[in-house]
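First the structure, in the form of structure tokens, and then the observations on it.
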């Protein structure tokens, strides 16, 4: 079972670094306007730092690799540059930034593969904040990435799970402190009318042929067994990607009761989270799992795999976590009498929200500005779950929803 704390992870809130004030923040990101987790994290960081302009920061710049246009949610005061997918052009941003000392600059790198682009700024005296997001941090660093991260002012991971896996892949970095800063979610957005009646399980995630770890295949393969026991059980799949066509065909060949929604707008997604009987994503390789917080914000219980989700979900309390490699455990759940009341919850909207278990989070990042990111909005921090018998029944019953036993 993955560790949630270790000697490698800072466990207490560090003192405010009086040298953290900066005239300029530069964010390097692959994408800011997308529906993926890194885009959302970039938006969160930029939004918080923008709120400090005029106090601890003077200006904010975002350098994007793949955005085609300026994202609508970036503040008017921020400067935005995009290479529109051009890697050479993106790399040139730092080279054309100037030759003068940059000691008043903090450069925040939102993806490890972008670290080499920060080197010219670092050589000019900029302070580097490296953010460890997920699977891209679980592999050995390249020589250029090593050169950059050795100069890092701060290294921040979005989960203890990600920090530990980063250390395992890069044992040479053992002595470098890593601060854990769990993401959060804002208050629930405007909610549209629910697009579905009845009870359903929901999965929301990217369908990428290079990253088939979200659990779509597992859910599709087991759904016939669910339907044999609960004839009207429905699975709603939200998201898009280059693997969507294959998954749609696979679902059509397996059984009825699986609906692909594609990418939906925020009000529709909020309605789907609100009305779902259960959110389920059998993904063992999440860097954190913002979608679990989004489900909890809508009072919807979750099923997840061992990993970073353990820092959000307390097994058997506010959700269910099952060993992703134990097929026998899945079979036991699939034949359990507890699946009979799976859809008996009378009104999902009457549920109080499950509370995220973030007991293992360090208090945040160093410095008066970056520390502000750790002041997470929404459902984060320490909580005590309100025990509800019906929720427990639903969660335990829905354990059968994935072959990989989330």
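Which of the residues belonging to the stretch 1-29 are within 17 Å of residue 156 (Cβ to Cβ) and at pLDDT 85 or above?
Within the stretch 1-29, 25, 26, 27, 28, 29 qualify.
Considering every residue within the stretch 250-260, establish whether at least one is touching a residue at least 24 places away in the same chain (Cβ under 8 Å) and within 21 Å of residue 134 (Cβ to Cβ). Show your work before the answer.
Within the stretch 250-260, the subset touching a residue at least 24 places away in the same chain (Cβ under 8 Å) is 250-251, 254-259.
Imposing the further condition that a residue be within 21 Å of residue 134 (Cβ to Cβ) reduces the set to none.
The answer is no, given that none of the residues of the stretch 250-260 is touching a residue at least 24 places away in the same chain (Cβ under 8 Å) and within 21 Å of residue 134 (Cβ to Cβ).
Before we move on, is residue 313 at pLDDT 90 or above, part of a loop (DSSP other than H, G, I, E, B) and outside the structural domain of residue 37 (by TED's automatic domain parsing)?
On the way: at pLDDT 90 or above: yes; part of a loop (DSSP other than H, G, I, E, B): yes; outside the structural domain of residue 37 (by TED's automatic domain parsing): yes.
Answer is yes for this residue.
Yes or no, residue by residue, for (1) under 18 Å from the mean Cα position of the chain (by Cα); (2) at pLDDT 90 or above; (3) under 27 Å from residue 312 (Cα atoms); (4) buried (at least 21 other Cβ atoms within 10 Å of the Cβ):
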{"position": "211", "(1), (2), (3), (4)": "yes, no, yes, no"}
{"position": "216", "(1), (2), (3), (4)": "yes, yes, yes, yes"}
{"position": "222", "(1), (2), (3), (4)": "no, no, yes, yes"}
{"position": "228", "(1), (2), (3), (4)": "no, no, no, no"}
{"position": "243", "(1), (2), (3), (4)": "no, yes, no, no"}
{"position": "252", "(1), (2), (3), (4)": "no, yes, no, no"}
{"position": "261", "(1), (2), (3), (4)": "no, yes, yes, no"}
{"position": "276", "(1), (2), (3), (4)": "no, yes, yes, yes"}
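From the residues in the stretch 142-195 that are within 20 Å of the chain's Cα centre (by Cα) and assigned to a strand (DSSP E or B), which one is nearest to residue 118 (Cα to Cα)?
Residue satisfying both the conditions and the ranking: 155.
Going by what's in this entry, would residue 248 be described as closer than 19 Å to residue 36 by Cβ and assigned by TED's automatic domain parsing to the domain that holds residue 286?
no
Can you say whether residue 62 is out of contact with any strand residue (DSSP E or B) (no Cβ under 7 Å at 6 or more places or on another chain), buried (at least 18 other Cβ atoms within 10 Å of the Cβ) and in the same structural domain as residue 113 (by TED's automatic domain parsing), as far as the supplied structure shows?
Taking the combined requirement at face value, the residue does not satisfy it.
Collect the residues in the stretch 295-308 that are part of a helix (DSSP H, G or I) and in contact with a helix residue (DSSP H, G or I) (Cβ under 6 Å, 6 or more places away or on another chain), keeping them in residue-number order.
Within the stretch 295-308, 295, 308 qualify.
Just name the residue that is surrounded by the fewest Cβ atoms within 10 Å (Cβ to Cβ) out of those in the stretch 81-112 that are assigned to a strand (DSSP E or B) and in contact (Cβ under 8 Å) with a residue 24 or more places away in the chain.
Selected residue: 105.
Return only the number of the condition from (1) at pLDDT below 95; (2) part of a strand (DSSP E or B); (3) within 23 Å of residue 38 (Cβ to Cβ) that residue 284 does not satisfy.
Residue 284 satisfies every listed condition except (2).
The values are calculated or read from the model by the stated rules, or taken from the named source; none is laboratory data. Here the structure is a predicted model, which means the values were calculated and not measured. Note that we place each Cβ from the backbone using ideal geometry, even for glycine, and neighbour counts take in every protein chain shown.
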